[in-house]
1. Give region A:90-112 a look and list any residue that's assigned to a loop (DSSP other than H, G, I, E, B) and within 12 Å of residue A:253 (Cβ to Cβ), or say none.
2. Examine region B:241-262 for a residue that is under 26 Å from residue B:201 (Cα atoms), among the polar types (S, T, N, Q), at pLDDT below 80 and loosely packed, with under 14 Cβ neighbours inside 10 Å, and state whether such a residue exists.
3. Checking the structure you have, find out if any residue of region B:151-170 is without any contact (Cβ under 8 Å) to a residue 40 or more places away in the chain, among the hydroxyl-bearing types (Ser, Thr, Tyr), surrounded by fewer than 21 Cβ atoms within 10 Å (Cβ to Cβ) and away from every other protein chain (no Cβ under 14 Å).
4. May I ask you to list the residues in region A:164-180 that are under 21 Å from residue A:65 (Cβ atoms) and exposed (fewer than 14 other Cβ atoms within 10 Å of the Cβ)?
5. For region A:88-137, which positions are at positive phi and away from every other protein chain (no Cβ under 14 Å)?
6. Quick one: in region B:92-123, which of the residues that are free of Cβ contacts under 8 Å to residues at least 24 places away in the same chain and charged (D, E, K, R) is farthest from the other protein chains (Cβ to nearest Cβ)?
7. Could you say which residue among B:89, B:130 is of a type in the set (A, V, I, L, M, F, W, C), in a loop (DSSP other than H, G, I, E, B) and at the interface with chain A (Cβ under 9 Å from one of its Cβ atoms)?
Amino acid sequence: MNGISNTAQIIKRNIKRNFRIPQLLIFSTAQPIIFLLMFNFVFGGAVTAGVPGDVEYINFLLPGILAQTALFGAIQTSIGLAEDLNKGVIDRFRSLPIARYAVLAGRTLADSARNVFVISLMIFVGFLLGFSTQEGLLNLAYSFILVLLFGFAFSWVGATIGLMIKDPETVQVAGFLWVFPLVFASSVFVPVATMPGWLQVIARNQPVTQVVNAIRHLTQGGIPNGSSYIWITLLWIVGILAVFVPISVWLYRKI
Amino acid sequence: MKNHKSLIVNNVCKRFGDFTALDGVSLEAKKGKVTGLLGPNGAGKTTLINIMTTLLKPDTGSVTVEGINVLKNPSETRKQIGLAGQYAAVDEYLTGRETLIMVGRLYGLSAGLAKKRAQELLERLDLTTAADKQAKTYSGGMRRRLDLGASLVATPKVLFLDEPTTGLDPRTRLQLWDTIRDLVDQGVTILLTTQYLEEADALCDFIYVIDKGKMIIEGTAGELKNSLGEDIIELKVKTSKLEEVEKILKKSINKQPELDKPTRSIKIRTKTGSDDLLKVAEALKHSKIIPDELSLHRPTLDDVFLSVTGNRQDNDERH
């Protein structure tokens, strides 16, 4: 009970902070918008050839961009924590009688709140670019929830990395190191079938492909065994949380 | 109260890999007093503060705050202490008021109480005009005061101040000293680290000097100064008169003066300062020589600090 109210205070603090650093808000929204525009107009024509069925590229691309946005949010979790560590804010929190997990939960939940905003914006821009859902708004809402949960789980991966590396600038570079391969070696931008065999094995089985395919299934339909992607994504989410929540809380305790 | 010690540190050791940060450190802080922890950079001051405030676990040793075993019961300890750190850990993007309210809420105060307490502290720390501005606009002194405010929200019994005035201009430093004295008047026990000896002299009732992870000397400021043993008579005369004056002094008090030509000064170390000073003055008057300056002073804490931290290595080699 106490822990929940502690967490609520930290969420409040982080959300204020997120919205009061205009640069952060601008770049964290501009970045995925630019990716969306770039890939849609630059690669759209070339990639459509490989996209199965008659799916418009924007309909193929947007689910991928949503997952990418959620992952980029996890890098922000790393950076935010590393900054708080360096500024001594975490020491202040640690000297207070509050629940050990509150600072981390407050961070990951606030970053999820930012994801709500950024992902809504992405869907809006997607609609402007011609995105359409074939499966109804309810399924779009499920997609929204799924990608948010996905982002929340990866936010704990980001927390773990932030607490391990501790230096904000290094954390940022490290973030791209683990996020880019996950995003590019997946079905985010192009169909996996166009990749070399060994990479296909990785790409097909990693979590980003699962969530992207799940959202494609939910918004476009027509994917064989589509709902299995939803279950596998949920399993990934649970698995990632089960591993990274304890690790990051442990790291936090022994800072 | 069976004793009046708010804080007891006993034989604490802490190693980081091969580096021994603290090597069997002990100290005590009396209730309602200011205890100073002095030492050069890297002496182990912040490590010790972190251990006393539950941020770090020592390898061996024990720490007790207000009768609570800090190592066994960190969460109880955190309810009794306040910590203002070295770099003024303020949230740049929150206003001063928001920070204080947040900290109050984190201590479990109701929303109303947290607001009231924040207002009290803002008034007390002279931050009311900037209360609703983001802390990134604050000056160094305002940040320190806000950081101090955050550590005072839950009216701690023991307050740890890690170099509270480092980097502040003299006026702001004096203001902060006043605030610290007010807190002491209210019965708060304070442990402060500092690199400024005049700060320790002005504020601390008892001083520990730490160097390379070991306590090397402890006592009141007066005791530390007396530990050097001798007072110093210092006078300045015209260069042409230096040698004449040296002779006169030697004769009048029968001690060998130290001559320093570049600064035109003559120093005499003495255990009977006032007595010798009168003799010196009389002899000079008799010879019709008027010195530009004539003073008797006790060794400053700087003298003590330099002599103990500078000589330590020699002592080690001797043992």
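1. Taking region A:90-112 and keeping what is assigned to a loop (DSSP other than H, G, I, E, B), we get A:95-101.
Hits for region A:90-112 are A:99, A:100, A:101.
2. No: zero hits.
3. no
4. A:176, A:177, A:180
5. Within region A:88-137, A:130, A:136 meet the criteria.
6. Going through the qualifying residues, I end up with B:123.
7. The conditions single out B:89.
This table checks each residue for (1) over 12 Å from residue B:33 (Cβ atoms); (2) at pLDDT 90 or above.
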site	(1), (2)
B:172	yes, no
B:195	yes, no
B:206	no, yes
B:209	yes, yes
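The values are calculated or read from the model by the stated rules, or taken from the named source; none is laboratory data. From a predicted model like this one, the values you see are computed outputs, not experimental measurements. Don't worry about glycine lacking a Cβ; one is built from the backbone with ideal geometry, like all the others, and counts go over all protein chains shown.
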